[in-house]
1. Within segment 38-53, is even one residue out of contact with any Cys (no Cβ under 6 Å at 6 or more places or on another chain), touching a residue at least 60 places away in the same chain (Cβ under 8 Å) and within 13 Å of Leu135 (Cα to Cα)?
2. Which condition number does Gly109 fail, the rest of (1) at pLDDT below 90; (2) on the phi > 0 side of the Ramachandran plot being met?
3. Restricting attention to segment 65-76, report how many residues are outside any helix (DSSP H, G or I) and either surrounded by 13 or more Cβ atoms within 10 Å (Cβ to Cβ) or aliphatic (A, V, I, L, M) (or both).
4. Working only within segment 40-64, note down all residues that are in contact with a helix residue (DSSP H, G or I) (Cβ under 9 Å, 6 or more places away or on another chain) and open to solvent by 70 Å² or more (accessible area, probe 1.4 Å).
Amino acid sequence: MRRLILSAVAVSALGLSALALPAVAAPAAAVAVAQDPITEAEVEERAAAFEVTLEALVAEIEAIRADTSLTEEDRQARMQAAIDRKKPEIDGFVAMLSGFVRQQTLDEGGTAEEAEMAAGMIEDMFVEMLVPGLLSGELAAAMAAEGE
């Protein structure tokens with residue numbers, strides 16, 4: 001998972017020219033970053049901490065999945081409740097990561113529109129992959145394969 005996170009950061013940090021973004025007639029106003037700049041070391045540190053959180057969440061969800069005394073409906077509800085308990089940590093990490101990507105895009109000379117697009121891609125990746133991957137068991141399988 002950490003490789004996935006850092007890969008997303010790396011792709012965004014390289015710039016978005018490879019995505020063939022449409023030309024913008026006039027540069028958009030710069031996005032003001034309200035917090036202090038985020039360093040790569042901070043991203044790596046937060047990614048490592050998030051990985052620990054995610055591993056614990058995966059273990060909890062897999063234990064629920066393995067509980068044969070539960071109905072499928074109860075199993076799904078308990079797995080979703082486990083995810084919901086970690087939502088503040090997930091949201092905090094995603095916000096930090098998308099802020100970093102936004103900052104990197106601007107630092108590399110990207111427009112505010114490109115910065116928002118890059119940050120949105122990170123947010124979308126987590127929305128589209130993390131929770132469904134947790135609920136389906138795909139994330140657990142991927143993390144197990146990564147550990148081999």
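The values are calculated or read from the model by the stated rules, or taken from the named source; none is laboratory data. Remember, it's a predicted structure, so these values are computed and weren't measured experimentally. For neighbour counting, all protein chains shown are included, and Cβ atoms are generated from backbone atoms with ideal geometry for every residue, glycine included. Note: accessible area is taken over every heavy atom of the protein model, side chains too, but ligands, DNA and RNA are not part of it. Shrake-Rupley method; radii C 1.70, N 1.55, O 1.52, S 1.80 Å.
1. no
2. Going through the list (1) at pLDDT below 90; (2) on the phi > 0 side of the Ramachandran plot, Gly109 breaks only (1).
3. Going residue by residue through segment 65-76, those that are outside any helix (DSSP H, G or I) are 67-71.
Okay, now just the ones that are also either surrounded by 13 or more Cβ atoms within 10 Å (Cβ to Cβ) or aliphatic (A, V, I, L, M) (or both), so 70.
Qualifying residue count, segment 65-76: 1.
4. Glu40, Glu42, Glu44, Arg46, Glu55
For every residue, the table says whether it meets (1) open to solvent by 60 Å² or more (accessible area, probe 1.4 Å); (2) among the polar types (S, T, N, Q); (3) touching a residue at least 40 places away in the same chain (Cβ under 8 Å).
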{"residue": "Arg78", "(1), (2), (3)": "yes, no, no"}
{"residue": "Ala82", "(1), (2), (3)": "no, no, no"}
{"residue": "Arg85", "(1), (2), (3)": "yes, no, no"}
{"residue": "Ser98", "(1), (2), (3)": "no, yes, no"}
{"residue": "Thr111", "(1), (2), (3)": "no, yes, yes"}
{"residue": "Ala118", "(1), (2), (3)": "no, no, yes"}
{"residue": "Gly133", "(1), (2), (3)": "no, no, no"}
